[in-house]
Amino acid sequence: MQHLASCSELLILKLGLCSSISDEGLVYISSNCGKLVELDLYRCSAITDDGLAAVASGCKKIRMLNLCYCTQITDAGLKHVSALEELTNLELRCLVRITGIGITSIAIGCTSLIELDLKRCYSVDDAGLWALSRYSQNLRQLTISYCQVTGLGLCHLLGSLRCLQDVKMVHLSWVSIEGFEMALRAACERLKKLKLLGGLRSVLSTELLQMLQACGCRVRWVDKPLVYKG
């Protein structure tokens, strides 16, 4: 990390799979790399909310941030991230400790967000979706597979985000067939890409599927069983 002292002009830093990177390292980065626009911390499992506080304080120009599988991060960490007002791309895959509270912080603070990945954020619920619906009007690409959302939250989200074009929503086991039907109808004219469970293909209305096709939406069907817990 001491080599970063001479890298004050650094714009992109990729540290994915560096399990030895700690909060101390992030403090050093924040002190020496204030011009960073992209930071990749994929599977840097040692970092915590304190490290994100340092990043948000010293690297305010970050537009792309990858925190996938940084499993110690909580809603408090996302509160720090929400100070990054220029953030456009945020990857939070498998952050099992975050909830709708953290997503609300992100939605309110990071209104320039274009892409958001919440796959396997198991505790993210409708509260997070409602916040995104209200504040994240620039979102174009969203992954919410395996999140704990309902048909009501999904319908409100897809009906509210006017720029949304690409949605991945596999294994939303709290969303009924009717919930999927209503949500997709609310957005079918805008959607360009979808990722859905293959089991939905035979139960969604023919009319809806034809509407999606007519609007130029490409659907990727994932060959896994349909599960509904409601």
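Each value in this text was obtained by applying a stated rule to the coordinates, not by laboratory testing. Only a predicted model underlies this, so the values are computations on that prediction, with no experimental measurement involved. Cβ placement follows ideal geometry from the backbone for every residue including glycine, while neighbour counts extend to all protein chains displayed.
Along the positive direction of the dipole of region 2-222 (beta-carbon charges: Lys, Arg +1; Asp, Glu -1; about the Cα centre), which of Val55, Thr71, Asn138 reaches farthest?
The one lying farthest along the dipole's positive direction is Asn138.
With each run of n ≥ 4 DSSP H residues scored as -39500 (n - 2.57), what mean residue ellipticity at 222 nm is computed for the chain after dividing by its residue count and rounding to the nearest 500 deg cm²/dmol? Walk me through the numbers on the way to the answer.
Working: 8 runs with 77 residues, N = 230.
Rounded to the nearest 500, it is -9500 deg cm²/dmol.
Show me, for region 202-209, the HN-Hα J-couplings you get by feeding each phi into the Karplus relation (A = 6.51, B = -1.76, C = 1.60, θ = phi - 60°), rounded to Hz, glycine and proline as x.
Karplus-based 3J(HN,Hα) across region 202-209 equals 8, 10, 6, 5, 4, 4, 5, 4 Hz.
Ser205 versus Ser173, label points 7 Å from Cα toward the beta carbon: distance in nm?
Spacing of the two 7 Å Cα→Cβ label points: 2.9 nm.
Sorted from fewest to most neighbouring beta carbons within 10 Å, what does the list Cys163, Cys70 look like?
Working: Cys163 12, Cys70 25.
Result, fewest neighbours first: Cys163, Cys70.
Could you count how many Lys pairs in the chain have their Cα atoms under 25 Å apart, skipping same-chain pairs fewer than 8 positions apart?
Counting lysine pairs in the chain gives 27.
Once the Cβ-Cβ distance between Lys229 and Ile12 is put in as r, and R0 is 30 Å, what FRET efficiency do you end up with, to the nearest 0.05?
Approximately 0.15, to the nearest 0.05.
Once amide H atoms are built 1.01 Å from N in the peptide plane, which residues 5 or more positions from Leu197, or in another chain, come under 5 Å H to H?
Answer set, sorted by chain and number: His171, Val222.
Looking at region 2-222 from every direction and averaging, what is the projected area of its Cα convex hull in nm²?
Details: hull surface 44.3 nm².
Over every viewing direction, the Cα hull of region 2-222 projects on average to 11.1 nm².
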